[in-house]
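Following: one structure in C-alpha cells, then a few remarks.
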Amino acid sequence: MRSTQKYTLEDPMLFKQQMLGWAQQYREVVWLDSNGYSQQYTSYDAVLAVDAFTSVITDYYKAFEDLAAYRRVTADWIFGYLSYDLKNDTENLTSGNFDGLGFADLFFFQPKKLLLLKGDELEMLYLPLCDDEIDDDFLAISQWKPEQALSISKPLNIKQRISKEEYIKKADKMLSHIYRGDIYEANFCMEFYAENAELHPLDTYMRLNAISEPPFAVFLKNYKHYLLSASPERYLRKEGKKVISQPIKGTARRSENPSEDAQIKLALLADEKERSENIMIVDLVRNDLSHTAEKQSVKVEELCGAYTFKQVHHLISTVTSVVHEDCVAEEVLRTTFPMGSMTGAPKISAMQIIENLEETKRGLYSGAVGYFTPNGDFDFNVVIRSILYNELNRYVSFSVGSAITVEATPEKEYEECLLKAGAMYRVLNTNL
C-alpha cells in the first residue's frame, strides 16, 4: 500500500521541468508528458516514476507470460516498455537484422516513488520503505534550477543507413509484394545513426520536446539506456472494460502561412491515398481488438480525424472495444501487438516482408512505453519520433517510416520519411 501526499502547485509548468531534472539521479526513470495537448482519453498531465524496487527484464520468449506473472506478484503500479521484437513471442517470426543499441526486448519496474500531476495538483505515491522522504523530495524538486540541465550536446555526425537510391529500390520491392497480393500495406522504416556519440540525454530530450510538444512524450532511462520520445500516437489504453486504440496514418507538412496551413489540413482530409492508409489500419485494429472483445462491442468512434501538431498534420482514428469478463490485460496487448500502424495488413505477412527489406532491428522503435495501474488498467504510446541512446557503446539511433500502399510513390514516401526525421535530425545536429 502506497503512502500518498498531495500538494497544490503555484507554477505547474516550472514544476514539470523541476521534476524531470530532479529524477536524473535515479537509475530507472519513466517520464510521461501530455504537453497540455487536448485529448479525449487522458488521466494526467504528466507522470514520473523513479527508482526500481523490483523489475523484470527479458527477451521476447514468453515475454507476455513473464509480464503477466510480474504484474500479479507486484499488484502495484509498474512502468516500462514493450519492444517491437516481441512480435517473435506472438507469432513465428524472427529478428536477424543489425542491432546497434542492444536494448532488452521487455523492461518493467515497480517504482519506489511515483508522482502524478493533473492541473495544479501533484500527488506523490511512495512505497512504505521510503515514504518518510516525501516532504524532503517535494522541497528538493521545488529547489531544482532549470539551468542545471544546461549540458549541451555536441553536434553529431548523423549517417543514413539506407540511401535514397536504396530506399526507392526497396520501396519498389514492397510495391511488387502488393501487386502480387501478398500484402495491402506495410510500414517501411529506415535508420539514422551516429557512432562514438556523446549525448546529454536530459538536454536532448528537452530540446526535442520543445520542437514538437506531442501528447505522448517520454523520457525513459534504464541505467545507460535512454529513450527520448516526441511521440504523437497512442497505441492502446484500457479503462475498466473499455479499450481504446488511436492509430495514426496519413501525414502532411505544416506551413507558417495560416491560410496555406489550413488548406494543407483540408487537403489531407480529402486525400484518398492518405485516407486509404488509415482505413486499412483501422480494419486491422478492429480485427485485433475482436480477439478479446465482447460480441459487437468493437466500434470506430472517429474515422480519419485531422489533428494538428507543431511539426505536421496527421489523420487519427479512434477504435474502441469492451473486453470480455475473463480477459486479462496482457492478453489485450498480446493479441494487438505490434500495433497495426507500424506493421501493415495482413499483419504477419507485412512483418515478414519488413524484416527482409529493412536493414536494422527495430528494437524499442515502433514498440510501446507506458504503465499499468494496480487494478490492471494501462496506457501505452507508440515509440516513434524518438531518439534512442546506448551510453555504454555510445550509439545513437532514430528511425522513421511511412506506409507503402498500391498508390504509393517511392520518391514521395522518401520525402515523408525526411519530414518525420526533421525534428530528431535538428536536435542531434545543432545546438540551436
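Taking only pairs six or more apart or across chains, which ones have beta-carbon atoms under 7 Å, a first residue in the stretch 275-299 that is farther than 20 Å from Val328 by Cα, and a second residue that is part of a helix (DSSP H, G or I)?
Taking only residues 6 or more apart or on different chains, the pairs are Ile281/Gly340; Ile281/Ser341; Leu284/Gly340; Leu284/Lys347.
One line per residue, one yes/no per condition, for (1) among the aliphatic types (A, V, I, L, M); (2) within 30 Å of Thr343 (Cα to Cα):
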residue: Gln17; (1), (2): no, no
residue: Leu20; (1), (2): yes, no
residue: Gln40; (1), (2): no, yes
residue: Ala52; (1), (2): yes, no
residue: Phe98; (1), (2): no, yes
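What are the residues in the stretch 259-281 that are within 30 Å of His324 (Cβ to Cβ), surrounded by fewer than 21 Cβ atoms within 10 Å (Cβ to Cβ) and among the β-branched types (Val, Ile, Thr), if any?
Within the stretch 259-281, just Ile279 meets the criteria.
Could you run through the stretch 303-326 and say how many residues are closer than 22 Å to Lys347 by Cβ and either open to solvent by less than 20 Å² (accessible area, probe 1.4 Å) or part of a strand (DSSP E or B) (or both)?
From the stretch 303-326, those closer than 22 Å to Lys347 by Cβ are 303-304, 314-321, 323-324; that's our starting set.
Those still in the list that are either open to solvent by less than 20 Å² (accessible area, probe 1.4 Å) or part of a strand (DSSP E or B) (or both) too: 303-304, 314-321, 323.
Counting residues in the stretch 303-326 that are closer than 22 Å to Lys347 by Cβ and either open to solvent by less than 20 Å² (accessible area, probe 1.4 Å) or part of a strand (DSSP E or B) (or both) gives 11.
Assess whether Ser349 counts as being hydroxyl-bearing (Ser, Thr, Tyr), in a helix (DSSP H, G or I) and either surrounded by fewer than 17 Cβ atoms within 10 Å (Cβ to Cβ) or modelled with pLDDT under 95 (or both).
no
Name every residue in the stretch 5-18 that is open to solvent by 70 Å² or more (accessible area, probe 1.4 Å) and part of a strand (DSSP E or B), in order of residue number.
If the condition is that a residue be open to solvent by 70 Å² or more (accessible area, probe 1.4 Å) and part of a strand (DSSP E or B), then Gln5, Lys6, Thr8 are the ones that fit.
The rows are residues; the columns are (1) under 26 Å from the mean Cα position of the chain (by Cα); (2) touching a residue at least 40 places away in the same chain (Cβ under 8 Å).
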{"site": "Gly102", "(1), (2)": "yes, yes"}
{"site": "Lys113", "(1), (2)": "yes, yes"}
{"site": "Leu127", "(1), (2)": "no, yes"}
{"site": "Asp131", "(1), (2)": "no, yes"}
{"site": "Gln160", "(1), (2)": "yes, no"}
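Suppose we filter Glu411, Glu407 for residues that are surrounded by fewer than 22 Cβ atoms within 10 Å (Cβ to Cβ), assigned to a helix (DSSP H, G or I) and over 17 Å from the mean Cα position of the chain (by Cα); which single one remains?
Glu411
From the list Ala210, Ala194, pick out the single residue that is of a type in the set (Gly, Ala, Ser) and within 19 Å of the chain's Cα centre (by Cα).
Ala210
For Leu388, indicate whether it is open to solvent by 10 Å² or more (accessible area, probe 1.4 Å), touching a strand residue (DSSP E or B) at 6+ places or on another chain (Cβ under 9 Å) and not polar (S, T, N, Q).
Criteria not met by Leu388.
Sort out which residues of the stretch 333-346 are surrounded by fewer than 23 Cβ atoms within 10 Å (Cβ to Cβ) and assigned to a helix (DSSP H, G or I), and write them in order of number.
Arg334
What's the number of the only condition in (1) modelled with pLDDT of 95 or more; (2) over 25 Å from Lys241 (Cα atoms); (3) in contact with a strand residue (DSSP E or B) (Cβ under 8 Å, 6 or more places away or on another chain) that Phe372 fails to meet?
(2)
Out of Ala262, Ala293, Ala306, Ala270, which single residue is over 18 Å from the mean Cα position of the chain (by Cα), within 23 Å of Ser43 (Cβ to Cβ) and aliphatic (A, V, I, L, M)? Full working, then the answer.
On the way: Ala262 fails: within 23 Å of Ser43 (Cβ to Cβ); Ala306 fails: within 23 Å of Ser43 (Cβ to Cβ); Ala270 fails: within 23 Å of Ser43 (Cβ to Cβ).
None of the other options fit; the residue is Ala293.
Go through the stretch 355-379 and give me each residue that's within 25 Å of Leu175 (Cα to Cα) and under 19 Å from the mean Cα position of the chain (by Cα).
Within the stretch 355-379, Thr360, Lys361, Arg362, Gly363, Tyr365, Ser366, Gly367 qualify.
Give the stretch 352-372 a look and list any residue that's in a loop (DSSP other than H, G, I, E, B) and either without any contact (Cβ under 8 Å) to a residue 24 or more places away in the chain or open to solvent by 20 Å² or more (accessible area, probe 1.4 Å) (or both), or say none. Break it down stepwise before answering.
Just the residues of the stretch 352-372 that are in a loop (DSSP other than H, G, I, E, B), to begin with: 358-359, 361-367.
Matches in the stretch 352-372: Glu359, Lys361.
I'd like to know if the stretch 285-292 contains one or more residues that are part of a loop (DSSP other than H, G, I, E, B), at negative phi and modelled with pLDDT of 95 or more.
Yes, the stretch 285-292 has at least one match.
The values are calculated or read from the model by the stated rules, or taken from the named source; none is laboratory data. Predicted, not measured: the structure shown is a model, and the values here were computed from it. Neighbour counts run over all protein chains shown; Cβ positions are idealised from the backbone, glycine included. Heads up: the accessible areas ignore ligands, DNA and RNA and are worked out on the full protein's heavy atoms, side chains in. Shrake-Rupley method; radii C 1.70, N 1.55, O 1.52, S 1.80 Å.
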